[in-house]
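Student: Before I ask anything, here is the structure I am working with.
Any read-out appearing in this document is the output of simple, stated calculations on the displayed coordinates, not a laboratory observation. Every value quoted in this text rests on a predicted model; they were computed, and no experiment measured them. Here Cβ is always computed from backbone atoms with ideal geometry, including for glycine, and neighbour counts include all displayed protein chains.
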Amino acid sequence: MFLRIDRLQTELPAPKKKDPNAAAALQELLGGKYGEMSTLGNYLFQSFNFRSKSKLRPFYSLVASITAEELGHVELVSHGVAMLANGPDKDGDETGGANISGAPFEAMQDIRLAGSFFSNAGGSLPVNSNAMSWNADMVTTTGNVVVDLLHNFHLECGARLHKLRVYETLSDPTGREVCGYLLVRGSVHAHAYALALKQITGADITKVLPTPNIPLAKIPECQKYLDEGSHRRLYRFSPEDYREMAGIWGNGEQALPGDPPGELVVVDGPPEGGKIHDLTGTASAFTPDYAPEEMFEVAEKLYKMSR
Ligand code: MN
Ligand code: MN
């Protein structure tokens, strides 16, 4: 329902070079205090625990729909991490078999998250940039919708600062694109939680809950998302559900001052998204018994049987 296996929520450019340390920096957006595991985990349990679901349907629908989006963000950052550890897109997998003479992975001793190579072959994990595990202590679910919405507003604002800092450490286009897209989406989520609080409490969000001052227009990677109106959209990830959030994100509410103007809208469907890059099969990291040709043959047979 939530994830399509051949699409990411946005298109990521291929990395210019293999850069496991940049992958480590990006890990902060996965398992850091304000990372995607945190937004997903918080909203997931708040949505499961939500009280008076039927009577408070628009609020429940909002939290649940943002949960669905956050799952896609976990995937997007994971993919960015794995791409940076993998290097530029290649046409095929490594051939010529495994060669373990001469310490082919000696350089991996010196990368920041050596475990990401040793245990995970360059994949992503729910840890921060210092390899500390994301954990359940980062989940807040109080049973009080106002407190939870305020917490979520804080989480999104913190996440945007966090992403800006990671962005400022990266030169590679893959990592910068991940940050640029998520800065825009984080702004939408902070705005949505502020509007929900405005509905319940009557608070003037421009005075009480100003969205943190990170002007999206100053970040080049954000520009195309502003041009296409991503800052005004929330998505429905299921054809049957989430409709009621339009009462909060809609109803004539407008884009934030400073962003391109226009009305807030709920889009009937997921973001158009972008392709998933193929990571390179690396025989030498799976030595000595890996026989890729045989596995590809088996996969090909299974694929045909499935059609
Ligand atoms: Mn997110
Ligand atoms: Mn978010």
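Student: Roughly what would the spin-label model give for PHE105 and LYS224, points 7 Å off Cα along C-beta, in nm?
Tutor: Inter-label distance under the simple model: 3.3 nm.
Student: Within a Cβ distance under 12 Å of TRP134, other residues only, what is the Lys/Arg minus Asp/Glu net charge?
Tutor: Values: positive: LYS33; negative: GLU28, GLU36, ASP137.
Local net charge: -2.
Student: Based on DSSP H runs of at least 4 residues, each adding -39500 (n - 2.57), what is the mean residue ellipticity at 222 nm of the chain after dividing by all its residues, to the nearest 500 deg cm²/dmol?
Tutor: Values: 9 runs with 139 residues, N = 307.
Mean residue ellipticity at 222 nm (helix-derived): -15000 deg cm²/dmol.
Student: Step through the table entries LYS55/LYS198; LYS17/LYS301; LYS18/LYS304, compare each Cα-Cα distance with 24 Å, and write down the pairs that go over it.
Tutor: Details: LYS55/LYS198 18 Å; LYS17/LYS301 34 Å; LYS18/LYS304 34 Å.
Exceeds cut-off: LYS17/LYS301; LYS18/LYS304.
Student: For the chain, return all DSSP H helices satisfying: extent of Cα atoms along own axis at least 30 Å; mean Kyte-Doolittle hydropathy at least 0.0. Each step should come with its number before you reach the end.
Tutor: Values: long enough: 57-86 (43 Å, 0.56); 145-169 (36 Å, 0.16); 173-201 (42 Å, 0.28).
Passing helices, by number: 57-86, 145-169, 173-201.
Student: Please work out whether region 1-115 counts as rounded, prolate or oblate from its C-alpha gyration tensor, where a ≥ b ≥ c are the square roots of the eigenvalues and a/c under 1.5 means rounded, while otherwise a/b larger than b/c means prolate and anything else oblate?
Tutor: Prolate, since a/c reaches 1.5 and a/b exceeds b/c.
Student: Which residue fluctuates the most in the chain, going by a Gaussian network model with Cα springs under 10 Å, if the choices are MET245, MET295, MET83?
Tutor: The residue with the greatest mean-square fluctuation here is MET295.
Student: Can you run the Rg to Rh ratio on the chain? Use alpha carbon positions and the Kirkwood inverse-distance Rh. Let's see the in-between values first.
Tutor: Values: Rg = 21.0 Å, Rh = 20.7 Å.
Rg divided by Rh gives 1.01.
Student: Could you order the peptides 213-224, 68-79 from most to least packed, using the average number of other C-beta atoms within 10 Å per residue? Before the final figure, lay out the partial values.
Tutor: Values: 213-224: 14.5, 68-79: 22.2.
Sorting 213-224, 68-79 by mean packing, highest first, produces 68-79, 213-224.
Student: 5 Å is the cut-off here: which amide hydrogens, built 1.01 Å from N in the peptide plane, fall below it relative to VAL267, excluding neighbours closer than 5 in sequence?
Tutor: The answer is LEU234, TYR235, ARG236.
Student: Which lysines, on any chain, are close to LYS224 with Cα under 19 Å apart, when same-chain ones fewer than 8 places away are left out?
Tutor: Here the lysines satisfying the reach criterion relative to LYS224 are LYS163, LYS275.
Student: Tell me which residues come under 5 Å, amide H to amide H, from VAL127 once H is placed; ignore anything under 5 positions away on its chain.
Tutor: GLY31, TRP134
Student: If you put +1 on each Lys and Arg Cβ and -1 on each Asp and Glu Cβ, how big is the dipole of region 12-167 around its Cα centre, in Debye rounded to 20?
Tutor: Working: 13 positive and 15 negative charges, 131 e Å.
Its charge dipole is roughly 620 debye.
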